[in-house]
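Only one structure is covered here, and it is reproduced in the block below.
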Amino acid sequence: MPFEFATARRVLFGPGVSRQAGALARALGNRALVVTGRDAARAQFLTGLLLENAVSSVLFPVAEEPSLDTVRQGVAIARRENCRLIVGLGGGSALDAGKAIAAMLANAGDVLDYLEVIGGGKSLVEPSAPFIALPTTAGTGSEVTRNAVLASPEHRQKVSLRGPSMLPSLALVDPELTWSVPPASTASTGLDALTQLIEPYVCRRANPMTDALCVEGMRRAARSLRVAVEDGRNAGAREDMAVASLFGGMALANAGLGAVHGFAGAIGGMFNASHGAVCAALLPHVMEANLRALRQREPRHEALRRYKEIARLLTAKPDATADKGAAWVGQLARDLRIPPLGVYGIGRQDVSEVIEKGARASSMKANPIILTTEEQRDILERAL
Ligand SMILES: [Zn+2]
């Protein structure tokens, strides 16, 4: 049972903790590139805090999920403006963009040289520039992961820039920053967080440390996701979801994921659909398919016991069967009005390409059991 565990160098969690950003940034640099979401005005409080602490900044808004060009542009601006510190404020897109910019600011060459699958696959040699992550959604856990998901429109594919040195220098997880997230986005990002707790818990590289995080995270997401969607200013629910997201990020970075993320990566490269919503649409179907496949081919597999534990945690019923867990997730997705994959223009004609691209994803390889092409086709057709 050998395992390794690595996370951000420092994690500060709590309501209001983001107000320390300026003072903490000062120790890491005096000029920052602030990578943020579409609405750059939301970063004003942060640039103000930085300035109060003698850290000047340049804003770099990222409109959607980052591409290779987003990273190239960010690095060029940081170099031109002499920014040695990167601060990411936003959802997974802004944080992943910031993380990739911090890595490429310190490493020579083009981002493509370092990418898996479509690029040169080189290792990042130099440690990233200092990077502070402030998540404003509770979903991706990107503040504690060592990869950045980037789109290459030219390859119609999403790939990860990855390396141990990409772990942020500092994660400031302030649940208050998520209060203004609208219900639909709270639902889809929250279901991504839940997926990122379920998949590492049953995956091939689960370990005792990630198990502990997954169990606690699932317990909190189960009791608080609906509340957070219905009442965005419920401090307790928002705090639970921020913990669930943080723990999911720690778990996936140290254990791995599964078929939901294998498919979601492929779909995200081919269609314009938010990652959380895609995961949410797939999760109940992947749970059902994994259960069927395990019972048929590996009835003594440890993951079967774990699926039962998941059902207990989600339903809060000590005698819940594994199937009840999958059913609970399916009902939650329906209650939270998660649209099927068809709304993004994905049809039966695309299923083969999703399967082919998904097969190359590291997440697919971590799934507790290898799914046949037929089983994969069935999952995707049900999720359409
Ligand atoms: Zn995810």
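Side notes on the structure shown:
- Count, lysine Cα pairs under 25 Å in the chain, 8 or more residues apart or across chains: 13
- Split the chain at each of the chymotrypsin sites (Phe, Trp or Tyr not before Pro) in a DSSP loop with at most 14 other beta carbon atoms within 10 Å, and the longest piece is 6-384.
- Label sites at Asp39 and Gln331, each approximated as a point 7 angstrom past Cα along Cα to Cβ, lie 3.4 nm apart.
- Ellipticity at 222 nm from helices only: DSSP H runs of n ≥ 4 in the chain, each -39500 (n - 2.57), divided by the residue count, give -16000 deg cm²/dmol.
- The range 75-180: antiparallel DSSP beta bridges as a percent of all, rounded to 5: 45
- For the range 245-328, radius of gyration divided by Kirkwood radius, i.e. Rg to Rh on alpha-carbons: 1.00
- Residue-count net charge about Gln73 - beta-carbon cut-off 13 Å; Lys, Arg +1, Asp, Glu -1: 0
- Packing-based ranking of 292-301, 237-246 yields 237-246, 292-301, ordered from highest to lowest mean Cβ neighbour count within 10 Å.
- Summarising the strand pairing of the chain, around 20 percent of its internal DSSP beta bridges are antiparallel.
- Alpha-carbon centroids, the range 154-185 and the range 348-384: separation in whole Å: 25
- Anisotropy class of the chain from Cα gyration tensor, a/c 1.5 cut: prolate
- Dipole orientation for the range 63-140: of the candidates Ala108, Ser93, Gly119, Ala108 has the Cα lying most toward the positive pole (charges on Cβ; Lys, Arg +1; Asp, Glu -1).
- Given +1 at the Cβ of Lys and Arg, -1 at the Cβ of Asp and Glu and no other charges, the dipole of the chain around its Cα centre is 460 debye to the nearest 20.
- Rounded if a/c under 1.5, otherwise prolate or oblate - the range 44-86, Cα gyration tensor axes: oblate
All of the numbers you see were taken from the coordinates with simple rules; none came from a lab. What you see is a predicted model; the values in this text were computed from it and never measured. Virtual Cβ from ideal backbone geometry, glycine too; neighbours counted across all protein chains shown.
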